[in-house]
1. Within 20 Å of T94 (Cβ to Cβ), in contact with a Leu (Cβ under 7 Å, 6 or more places away or on another chain) and not charged (D, E, K, R) - does that describe any residue in the stretch 23-32?
2. Are any of the residues in the stretch 56-74 closer than 18 Å to T106 by Cα, more than 11 Å from the chain's Cα centre (by Cα) and surrounded by fewer than 19 Cβ atoms within 10 Å (Cβ to Cβ)?
3. What's the total number of residues in the stretch 100-113 that are assigned to a helix (DSSP H, G or I) and exposed (fewer than 14 other Cβ atoms within 10 Å of the Cβ)?
4. Which of the residues spanning the stretch 80-90 are surrounded by fewer than 15 Cβ atoms within 10 Å (Cβ to Cβ) and either within 24 Å of S16 (Cα to Cα) or touching a residue at least 60 places away in the same chain (Cβ under 8 Å) (or both)?
5. Residue check, S16 against (1) loosely packed, with under 13 Cβ neighbours inside 10 Å; (2) of a type in the set (S, T, N, Q); (3) under 21 Å from T110 (Cα atoms), all met but one. Which one?
6. In the stretch 44-62, is there at least one residue being touching a residue at least 24 places away in the same chain (Cβ under 8 Å) and closer than 19 Å to T4 by Cβ?
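Every number in this text was worked out from the coordinates using simple rules, so none of it is lab data. No experiment lies behind these values; they were computed from the predicted model shown. We place every Cβ from the backbone using ideal geometry, glycine too, and count neighbours over all the protein chains shown.
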Amino acid sequence: MSSTITVIVRDDPRKSHRPVEALRIALGLAGGDHKLTVVLLGDAPLLLTDGHDDIVAADLLETYLPAFKQLKIPFVVPTHGSPVTIQPDFSIKTQRPEEIQRLITTAEHTLVF
């Protein structure tokens, strides 16, 4: 039986390279026999918008994003999150905070960035 992995990205991608690094790690985990979900909190949904000029390590980010689209790796964003327009090709699910909490607490493995 496959395990569940949740990668939580909560750092601001305009201030730190960690959110882009989190996506690189998540992409590496996508190749295994497990269910992977990426949760984007705070300003982290900016990673999936069209404008990357102010994102730290934007050049690396743009090399990873096509694989997320192709593999249809699920992203979860809060329903009350920042009003950004996410590119339509990503697999996005909006959830209430309590649903996100349940997702995180029931995952067998959780990585937080």
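1. Filtering the stretch 23-32 for residues within 20 Å of T94 (Cβ to Cβ) gives 23, 26.
From what's left, in contact with a Leu (Cβ under 7 Å, 6 or more places away or on another chain): 23, 26.
The next check asks that each one be not charged (D, E, K, R); those that pass are 23, 26.
Checked the stretch 23-32: at least one residue is within 20 Å of T94 (Cβ to Cβ), in contact with a Leu (Cβ under 7 Å, 6 or more places away or on another chain) and not charged (D, E, K, R).
2. Narrowing the stretch 56-74 to residues closer than 18 Å to T106 by Cα: 74.
Subset that is more than 11 Å from the chain's Cα centre (by Cα): none.
Looking through the stretch 56-74, none of the residues is closer than 18 Å to T106 by Cα, more than 11 Å from the chain's Cα centre (by Cα) and surrounded by fewer than 19 Cβ atoms within 10 Å (Cβ to Cβ).
3. Restricting attention to the stretch 100-113, the residues satisfying the condition of being assigned to a helix (DSSP H, G or I) are 100-106.
Applying the additional criterion that residues be exposed (fewer than 14 other Cβ atoms within 10 Å of the Cβ) yields 101-102, 105-106.
Residues meeting the conditions: 4.
4. Step one: filter the stretch 80-90 for residues surrounded by fewer than 15 Cβ atoms within 10 Å (Cβ to Cβ), giving 80, 82-83, 85, 87-89.
Once the filter is applied, which keeps residues that are surrounded by fewer than 15 Cβ atoms within 10 Å (Cβ to Cβ) and either within 24 Å of S16 (Cα to Cα) or touching a residue at least 60 places away in the same chain (Cβ under 8 Å) (or both), the stretch 80-90 yields H80, S82, P83, T85, Q87.
5. Every listed condition holds for S16 apart from (1).
6. Among the residues of the stretch 44-62, not one is touching a residue at least 24 places away in the same chain (Cβ under 8 Å) and closer than 19 Å to T4 by Cβ, which makes the answer no.
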